[in-house]
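Since the structure comes first, as structure tokens, the remarks are kept for the end.
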Amino acid sequence: MIKTFKLHIESHFKKLLDARVLLAVSGGLDSVVLAHLFSECKIDFEIAHCNFNLRGKESDADADYVEKLAEKLQVKFHVQNFDTEAYAQDQKVSIQMAARELRYHWFEELCQLHHLPFLATAHHAKDDLETFLINLSRGSGLNGLTGITAENDRLVRPLLPFSREEILTYAEANTLAWREDSSNASDKYLRNHLRHHAIPALEEAAPQFLTQFQKSQQHLKETALLLEDYTALLFSQIVTQSFKGYQFNIQKLKETPNTKAVLYQLLKDFEFTAWDDIYELLDAQAGKYVATAKHRLIKDRDFLLLTEHQAETEEVLWYVDIEKVDLNGLTLMKENVDQLTQLNKTEAIFDAEQLKFPLRLRKWEEGDWFYPFGLKGKKKLSKFFKDLKFSTLDKESVWLLCNDQDIIWVVGARTDDRYKVTPNTSQFLKFTAHYD
């Protein structure tokens, strides 16, 4: 195996030969073998071990064993103890998810602190097959069936093409010792049940099952790449971007074959799961939306608008000595000018003598009103927005510039007639809005 592994590193992970690598070692067969293979290949690496404190003395014995392994291989050793159960309770996640989050967060900290450009884990071909079957059982799309990636940012998995049988043969041939995790014998978790029962049955029925699976998965990966290229083409035709977020043209979506699948491809990276609800948005009333923890997809007449949830700023005070104010998606500038000039909707000029600093910047509220420039009398903002056909997102995004309690500018839309400049104006103050 060592010869094949060296060729694999030379062909696919040559960069590891010229860098320092953080290797995650649990003490089990796979990670112990990878540590020895790294040592044989003269890869400069350090070992990191997580003690999740889930198995009492057994967990502590694992940590002691990995520390001795690091000493034997003459590499730097890092260990971290976690209160995994407390973290799982606090974050309301499973023990498995808690352990995953804790370890990868710590690994990232180590890599940054010690300037380690790569993190290696000992995932192998059987792990890939188990992940495929788990995702298959959950109704995963194509991406979930392409399996574990060999490389993802700093994370590398150089054992991925090798079977557990090859790894075990190498360990026995080199009389290596390793730790057995007693929890792996339990069928409590789906992965273990597949490992102990489903996969052996598949291999008994078809002895070349793992090899053929790897070939099939390679075809799936190639298909996924082709689909990504097609999705990128569709994205350029259907989606436009503005300071508000992404706009998906509904008419073009409907004209594209396999609309449901197209919507999935365009939105799958934004953590949506309610795909039927998303599809129904195409014909829903304006203002309807589907949300995740981080994003919201809103129906707005001819478009679906995708935005991020923003931490709302209730009010910003603009003092006289401040020239620029940065808001969510918007920058406002002010300057003294000599005269009234022709303006567009992103600009406003006021009689400076009428303004009392600090001015206030805030979002609109029900019951707000102002005197729209060029019109007679006051008007509720809700009616003003309706006349301009503002979408839900437009109304949420708009900022109001206020002088004391008076709204003097619906930014990007209309100024207040009471604050217009007159022939008697001697000091002009200009405001300009720049949308990100």
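The values are calculated or read from the model by the stated rules, or taken from the named source; none is laboratory data. Note that this is a predicted model, so its numbers are computed, not measured. Note that we place each Cβ from the backbone using ideal geometry, even for glycine, and neighbour counts take in every protein chain shown. Heavy atoms of the whole protein, side chains included, go into the accessibility calculation; ligands, DNA and RNA do not. Shrake-Rupley method; radii C 1.70, N 1.55, O 1.52, S 1.80 Å.
Looking only at residues in the stretch 307-325 that are open to solvent by 70 Å² or more (accessible area, probe 1.4 Å) and within 23 Å of the chain's Cα centre (by Cα), which one is modelled with the highest pLDDT?
Within the stretch 307-325, the match that is modelled with the highest pLDDT is Glu308.
In the stretch 19-53, which residues are open to solvent by less than 20 Å² (accessible area, probe 1.4 Å), acidic (Asp, Glu) and over 20 Å from Glu108 (Cα atoms)?
Result: no residue meets the conditions.
Please specify each residue of the stretch 342-371 satisfying the condition of being farther than 22 Å from Val316 by Cα and in contact (Cβ under 8 Å) with a residue 12 or more places away in the chain. First the steps, then the outcome.
Filtering the stretch 342-371 for residues farther than 22 Å from Val316 by Cα gives 342-344, 371.
Listed by number, the list holds a single entry, Tyr371.
Per-residue answers, yes or no, for (1) closer than 30 Å to Glu67 by Cβ; (2) open to solvent by 60 Å² or more (accessible area, probe 1.4 Å):
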site	(1), (2)
Ile134	no, no
Ser137	no, yes
Pro158	yes, no
Asp181	yes, no
Asp187	no, yes
Ala201	no, no
Gln208	no, yes
Thr211	no, yes
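With respect to the numbered conditions (1) touching a Leu at 6+ places or on another chain (Cβ under 8 Å); (2) open to solvent by less than 10 Å² (accessible area, probe 1.4 Å); (3) among the aromatic types (Phe, Trp, Tyr), which one is the sole condition not fulfilled by Trp369?
(2)
Among the residues of the stretch 61-79, is there at least one that is more than 30 Å from Tyr264 (Cβ to Cβ), open to solvent by less than 10 Å² (accessible area, probe 1.4 Å), hydroxyl-bearing (Ser, Thr, Tyr) and assigned to a helix (DSSP H, G or I)?
no
List, please: which pairs have Cβ atoms under 8 Å, are six or more places apart or on different chains, and start with a residue in the stretch 270-290 that is part of a loop (DSSP other than H, G, I, E, B) and end with one that is of a type in the set (Ser, Thr, Tyr)?
Glu271/Thr292; Phe272/Thr292; Thr273/Thr292; Leu282/Thr259; Ala286/Ser391; Ala286/Thr392; Gly287/Ser391; Gly287/Thr392
Please list, ordered by first then second residue, the pairs with beta carbon atoms under 7 Å, 6 or more apart or interchain, first in the stretch 372-400 and under 21 Å from His309 (Cβ atoms), second assigned to a helix (DSSP H, G or I).
The qualifying pairs are Lys395/Phe385.
Inside the stretch 96-181, counting only helices (runs of 4 or more DSSP H) that do not spill past its ends, which hold 3 or more residues that are closer than 18 Å to Asp30 by Cβ?
125-137, 164-173
Starting from the stretch 181-193, keep only residues that are more than 22 Å from Val32 (Cβ to Cβ) and free of Cβ contacts under 8 Å to residues at least 40 places away in the same chain, then list their pairs with residues that are of a type outside the set (Gly, Ala, Ser) and in a loop (DSSP other than H, G, I, E, B) whose Cβ atoms are within a distance under 6 Å, requiring at least 6 positions of separation or different chains.
Final answer for the pair search is His193/Asp187.
I'd like to verify a number: residues in the stretch 372-387 that are farther than 20 Å from Val421 by Cβ and open to solvent by less than 70 Å² (accessible area, probe 1.4 Å), how many?
So the answer is 6.
Condition check ((1) more than 26 Å from Trp399 (Cβ to Cβ); (2) of a type in the set (Ser, Thr, Tyr); (3) open to solvent by 90 Å² or more (accessible area, probe 1.4 Å)) across all residues:
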| position | (1), (2), (3) |
| --- | --- |
| Thr256 | yes, yes, no |
| Val262 | yes, no, no |
| Asp269 | yes, no, yes |
| Asp277 | yes, no, no |
| Lys294 | no, no, yes |
| Leu327 | no, no, no |
| Asp338 | yes, no, yes |
| Asp351 | no, no, no |
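Return yes or no: is Leu317 within 20 Å of Leu393 (Cα to Cα) and aliphatic (A, V, I, L, M)?
Here the answer is no, as Leu317 does not meet what is asked.
Would you call Gln339 free of Cβ contacts under 8 Å to residues at least 24 places away in the same chain, on the phi < 0 side of the Ramachandran plot and over 24 Å from the mean Cα position of the chain (by Cα)?
It is false that Gln339 is free of Cβ contacts under 8 Å to residues at least 24 places away in the same chain, on the phi < 0 side of the Ramachandran plot and over 24 Å from the mean Cα position of the chain (by Cα).
Could you grab me the full set of residues in the stretch 195-253 that are closer than 27 Å to Tyr435 by Cα, part of a helix (DSSP H, G or I) and either within 24 Å of the chain's Cα centre (by Cα) or touching a residue at least 60 places away in the same chain (Cβ under 8 Å) (or both)?
Answer for the stretch 195-253, where residues must be closer than 27 Å to Tyr435 by Cα, part of a helix (DSSP H, G or I) and either within 24 Å of the chain's Cα centre (by Cα) or touching a residue at least 60 places away in the same chain (Cβ under 8 Å) (or both): Ala232, Leu233, Leu234, Phe235, Ser236, Gln237, Ile238.
Ala293 passes all but one of (1) in contact with a strand residue (DSSP E or B) (Cβ under 8 Å, 6 or more places away or on another chain); (2) more than 18 Å from Tyr435 (Cα to Cα); (3) assigned to a loop (DSSP other than H, G, I, E, B); (4) of a type outside the set (Ser, Thr, Tyr); which number fails?
Ala293 satisfies all of (1) in contact with a strand residue (DSSP E or B) (Cβ under 8 Å, 6 or more places away or on another chain); (2) more than 18 Å from Tyr435 (Cα to Cα); (3) assigned to a loop (DSSP other than H, G, I, E, B); (4) of a type outside the set (Ser, Thr, Tyr) except (1).
Which members of the stretch 228-254 meet the condition of being more than 30 Å from Thr331 (Cβ to Cβ) and open to solvent by less than 30 Å² (accessible area, probe 1.4 Å)? Explain how you work it out, then say what you get.
Keep residues of the stretch 228-254 that are more than 30 Å from Thr331 (Cβ to Cβ), which gives 228-234, 237, 250-254.
Matches in the stretch 228-254: Thr231, Leu234, Ile250, Leu253.
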